[in-house]
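Here's the structure we're looking at; comments come further down.
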């Protein structure tokens with residue numbers, strides 16, 4: 001099954017024209033088996049854990065707005081989170097904190113979080129779909145790395161939604177503890193506001209010391 005949705009794009013040449021681009025999410029790479037999609041959230045942040053999710057969807061699962069979580073509004077992500085958690089064959093979320101990130105580096109920490117999420121699944125997958133181009137073998141289960149896979153396969157898109165929403169909620173809770181870094185809005189990403197707060201107040205116990213906390217970098221989307 002393929003999941004179809006439309007992306008709305010404004011035409012700069014003709015502002016009065018709205019273009020609808022047809023996008024198709026594939027339900028699986030290998031049909032007939034349990035296939036788990038994996039994705040992470042928070043890899044580029046200056047503070048907080050990296051989160052990862054693993055999701056096995058039913059063959060007939062469909063939601064018209066399922067897509068890469070970065071393309072969705074907060075409201076749509078929250079709706080999808082509830083839908084995915086209710087209807088998935090199995091799903092799990094895991095995270096690796098900033099101290100471990102500093103010890104082993106962010107790539108290894110991201111993959112470790114994915115492995116931990118896979119450990120928590122109640123159904124063993126026969127194949128794993130991973131967003132990106134790096135992964136370490138997991139318990140001899142075959143896997144495929146798919147660049148920009150969260151915009152191609154529905155299970156990876158679902159994992160991206162869970163990882164993002166769970167991490168956002170975590171950072172909101174941290175903001176309640178330490179309100180000076182605006183984590184309620186930037187979620188730990190290197191925005192100008194976040195960097196200014198680091199310069200003004202110093203770092204917190206949740207910042208990643210192995211990252212360039214005080215260097216000027218391009219701001220990252222979150």
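A few points about this structure:
- Reducing the stretch 88-116 and the stretch 151-214 to their Cα centroids gives an inter-centroid distance of 15 Å.
- Folded to 0 to 90 degrees: helix 192-201 orientation relative to the chain principal axis, Cα: 40 degrees
- Computing Cα extents along the principal axes in Å for the structure here picks out one of (i) 64, 39, 32; (ii) 61, 41, 40; (iii) 54, 54, 28, namely (iii).
- On a per residue basis, the convex hull of the C-alpha atoms belonging to the stretch 29-76 measures out at 109 Å³.
- DSSP-defined beta bridges in the chain - what % are antiparallel, rounded to 5: 75 percent
- Note on residue 182 and residue 214: with the Förster distance fixed at 25 Å, the Cβ-Cβ geometry gives a FRET efficiency of about 0.90.
- Packing, taken as the mean count of other beta carbons within 10 Å per residue, orders the peptides 79-85, 198-204, 90-96 from highest to lowest as 90-96, 79-85, 198-204.
- For the listed peptides 53-66, 165-178, a ranking on the average number of other beta carbons within 10 Å per residue, highest first, reads 53-66, 165-178.
- Mean residue ellipticity (222 nm) of the chain, computed from DSSP H runs ≥ 4 via -39,500 (n - 2.57), nearest 500: -10500 deg cm²/dmol
- In plain terms, if you count all Cα to Cα distances in the stretch 90-222 and split them into 5 Å steps from zero, the share in each step is 2, 9, 16, 21, 20, 14, 10, 6, 2, 0, 0 percent.
- Residues 208, 124 arranged by fewest to most Cβ contacts within 10 Å: 124, 208
- Listed peptides 98-107, 147-156, 127-136 by packing density, highest first (mean Cβ within 10 Å): 147-156, 127-136, 98-107
- C-alpha long axis of helix 74-87 to longest principal axis of the chain, angle in °: 50 degrees
- For the chain, the longest principal axis of the alpha carbon atoms and the long axis of helix 106-120 meet at an angle near 50°.
Any read-out appearing in this document is the output of simple, stated calculations on the displayed coordinates, not a laboratory observation. The structure presented is a predicted model; accordingly, all values stated were derived computationally and were not measured. Ideal geometry is used to build each Cβ from the backbone, glycine not excepted, and the neighbour counts take in all protein chains shown.
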